[in-house]
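What follows is a short report on a single structure.
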Amino acid sequence: MSELDRRAFLAALASAAAGFRLSAQGTKAEDQIRVGYAAITWGGNDELAIKEIGDVGFRGIQLRASAFDKWGDRPAELKALLAQHRVSFAVLSSGNLKYQPEDREEQLKLHLSHAAFVRDAGGELLQVIDEKPKGRAVTPDDYARLADMLTTLGERTRAIGVPLVYHHHMNSTGEPPAAIEAIMSNAAASSVGLLFDIAHYQQGGGDPVKAIRQYGKAIAAVHLKDVQAIDAAPGYQWTELGRGRVDVKACVAALRDIGYKGWAIIELDRVVEPGGTPRASAVANRDYARNQLRLTI
């Protein structure tokens, strides 16, 4: 991609992805960042996650495919449970998206069924992470194939009222920054938004603050996350906000600078503190977000 083409691509992304933004008018930019919390820390105990995330004070949640497994044929029950605890269904992690030709139709059907569940349960966004090819290196053809798959899926989920967001991720096709750019440059910005994860982007070799300013309004959702180095494999682990090497404050400042108005989901894959609990980690993350990031929770 030439520098001219690259600039044109970024400009197009910033303009076309506006349809994914869940915006409000007439308030300060920082007040328009809606802060939620991810249920992943509870390891599939989604009922407890909903209760404790609500108790701690968060008003949005990201659920995983375990929620579909439990409430897939009873979305109204999940909707009522969320309402009981005053928690909005912000995002569903739909699982890995296989994008090789032999998987295409089955995968489109699967993830579209998840999108229908999100709609019926009163949710907002559907997230996918790609599943990179096994046993071989990723090639430019994979970027184009994945982008086409994302575009097709995004068109279908948008048609039923659920925007699709692509979550770049470690150990996926979209791990390094150059791969993310290649994928998003080939996907239709009107159908696919970027879920920007500040810790995965940094661990993948990028500068998340610079990337937030680069992608601008193409960012449809955010994961606020931190990462620290460890001696054991794989050499890093996710941790509570402010305890790792991501400049979370600078990332939030950059989001405010670009006028970001969507969900910022705080995510911690698992408890890392000895004797800790998911709830205790949520409290620590809440306090950091309130006191250090000046976010409204």
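The values are calculated or read from the model by the stated rules, or taken from the named source; none is laboratory data. Only a predicted model underlies this, so the values are computations on that prediction, with no experimental measurement involved. All Cβ positions, even for glycine, are placed from backbone atoms using ideal geometry, and neighbour counts span all protein chains on display.
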If you go through segment 138-149 one residue at a time, do you hit one that is part of a strand (DSSP E or B) and either surrounded by 15 or more Cβ atoms within 10 Å (Cβ to Cβ) or touching a residue at least 40 places away in the same chain (Cβ under 8 Å) (or both)? no
Sole miss for D73 among (1) modelled with pLDDT of 95 or more; (2) surrounded by fewer than 18 Cβ atoms within 10 Å (Cβ to Cβ); (3) in contact with a Phe, Trp or Tyr (Cβ under 8 Å, 6 or more places away or on another chain) is condition (3)
Check whether at least one residue in segment 204-227 is of a type in the set (S, T, N, Q) and touching a Lys or Arg at 6+ places or on another chain (Cβ under 9 Å), and report yes or no. no
Would you say A221 is crowded, with 24+ Cβ neighbours inside 10 Å and within 25 Å of L164 (Cβ to Cβ)? yes
Among the residues of segment 85-109, how many are free of Cβ contacts under 8 Å to residues at least 12 places away in the same chain and either under 19 Å from V162 (Cβ atoms) or touching a helix residue (DSSP H, G or I) at 6+ places or on another chain (Cβ under 8 Å) (or both)? 1
Output the residues belonging to segment 126-137 that are in contact with a His (Cβ under 9 Å, 6 or more places away or on another chain) and either of a type in the set (D, E) or part of a helix (DSSP H, G or I) (or both). D130
Single match in Q25, Q62 (criterion: polar (S, T, N, Q) and modelled with pLDDT of 95 or more): Q62
For the structure I just gave you, tell me whether D31 is out of contact with any strand residue (DSSP E or B) (no Cβ under 8 Å at 6 or more places or on another chain) and at pLDDT below 95. yes
